[in-house]
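The values are calculated or read from the model by the stated rules, or taken from the named source; none is laboratory data. Please read these numbers as outputs of a predicted model, since none were measured by experiment. Because the Cβ atoms are built from the backbone with ideal geometry, glycine has one as well, and the counts that use them run over all protein chains shown. Ligands, DNA and RNA are excluded from the accessible area calculation, which covers all protein heavy atoms including side chains. Shrake-Rupley method; radii C 1.70, N 1.55, O 1.52, S 1.80 Å.
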Amino acid sequence: MRIGHIQLANRLFAAPMAGVTDRPFRQLCKRLGAGYAVSEMVTSRKDLWSSLKTSRRADHAGEAAPISVQIAGTDAAMMAEAAAYNIERGAQIIDINMGCPAKKVCSKWAGSALMRDETLALEIADAVVAACAPHDVPVTLKMRTGWSASERNAVRLAVGAENAGIAMVTVHGRTREQGYKGTAEYDTVAAVKAAVRIPVVANGDIDTPAKAGEVLASTGADAIMIGRAAQGRPWIFREIAHYLDTGDELPPPEVDEAKGWLLAHLDDHYRLYGEATGVRSARKHIGWTVQALPGGAEFRTRMNLIETCAQQVAAVGDWFDELADRGERMPTARRAPPTSDPMLQ
Ligand SMILES: Cc1cc2nc3c(=O)[nH]c(=O)nc-3n(C[C@H](O)[C@H](O)[C@H](O)COP(=O)(O)O)c2cc1C
């Protein structure tokens, strides 16, 4: 699997998720079998680049290659500038966001709203490709199947994108109108795959190794991308890799193993965010990890009151040790949790 000239370790990708797939989480997914992970979106608005949030998103210190940064915006020249800015900060692949359904993004004619204005969408693709070409940085695009059931233009847009020099497209099998409701369909992904020569990535509701195999087979996609099912369960990538290689399902991880991954993740997380922010923003990752375990809900409530990193680490360690003493294992793969994207409220 390649993106332009860049060879990837495999065809299992971690999806960009604002507020979730920060550098520590991407690193964790890569350690546990993802061949590729895309950053949370970075705005093309220059006035926000120096904000703490955006500067953290543009910090790739120590990140395993290839470093991929998603940019979002509505203006071709600004998007080209954003691409160049992120390349200076280490991006080796630039991804254009044409999938986000959030009002905040759509009202400014960005994210999935771009799918409704194909001329502007392709103008942006042209400008970003031109800005990246001198640096040998491939440009990819992530979209939905269309704006609504009656405006499903993913195939036409993907063909236009390929002609503009886009190196790979990812399709989330829902329209913008659907938000995260209903179920993802993969016929449109298959139609996109049949219409272009560049790699196509299938995304949406892939939450078990068997589903990963089914989606790859039914779409002919070159890769799959997983978002919500990796929340609290980043080892899903190695489970899928094992299943695709052997046809067998791995047993769920031992509690001790999961504890080790979570504590290493917390350490990385605190280093990026610092004590005050880190202890709070880590809570969602801990909560997702423990939610399906016996006593997980009670532990989560207690853990949410802890205000220091050292106490959070100690509480997580002790709680997992008690589970291990009782001979528990991590639960098997589950349906993707309902989205908790704060931007969709
Ligand atoms: C919390 C959250 C944040 C997201 N942020 C982004 C984003 O910044 N850029 C993007 O292209 N998609 C974003 N998405 C969409 C995901 O990348 C993915 O397309 C979607 O969740 C469907 O895949 P899944 O069913 O595997 O989760 C986000 C999704 C969630 C749940």
Sequence ranges 247-260, 30-43, ranked by mean other-Cβ count within 10 angstrom, highest first: 30-43, 247-260
Taking a threshold of 25 Å on the Cα-Cα distance, which of the pairs Lys30/Lys142; Lys53/Lys284; Lys46/Lys284; Lys30/Lys284; Lys30/Lys181 fall above it? Lys46/Lys284; Lys30/Lys181
Give me the tail of P(r) for the stretch 156-259 as a percent: Cα-Cα pairs with distance above 18 Å. 53 percent
For the stretch 27-56 and the stretch 135-167, write down the distance between their C-alpha centroids in whole Å. 21 Å
Return the aspartates and glutamates within reach of Lys193: Cα separation strictly under 16 angstrom, same-chain partners fewer than 8 residues apart disregarded; answer none if there are no such residues. Glu162, Glu185, Glu214, Asp222
Taking the DSSP beta bridges in the chain as the whole, what percent of them are antiparallel, to the nearest 5? 10 percent
Taking the dipole of the chain about the Cα centre (Lys, Arg +1; Asp, Glu -1; charges at Cβ), the one of Ile224, Ile236, Leu32 that reaches farthest to the positive side is Ile224
Of all DSSP beta bridges in the stretch 127-224, antiparallel share, percent nearest 5: 10 percent
Within 10 Å, count the other beta carbons around each residue, average over each peptide in 119-127, 201-209, and list them highest first. 201-209, 119-127
Kindly report the accessible area of the stretch 261-338 per residue (heavy atoms of protein chains, probe 1.4 Å, no ligands, DNA or RNA), in Å². 49 Å²
If you build a Gaussian network model of the chain, linking Cα atoms that sit under 10 Å apart, which residue out of Arg156, Arg57, Arg326 swings the most? Arg326
For the stretch 111-219, the accessible surface attributable to carbon and sulfur atoms (probe 1.4 angstrom, ligands and nucleic acids excluded) amounts in percent to 50 percent
Would you mind listing how long the chain runs along its three principal axes, going by Cα atoms, in whole Å with the largest first? 59, 46, 36
Under 10 Å, Cα contacts only: if you run a Gaussian network model on the chain, which one of Met225, Met330, Met168 comes out with the highest mean-square fluctuation? Met330
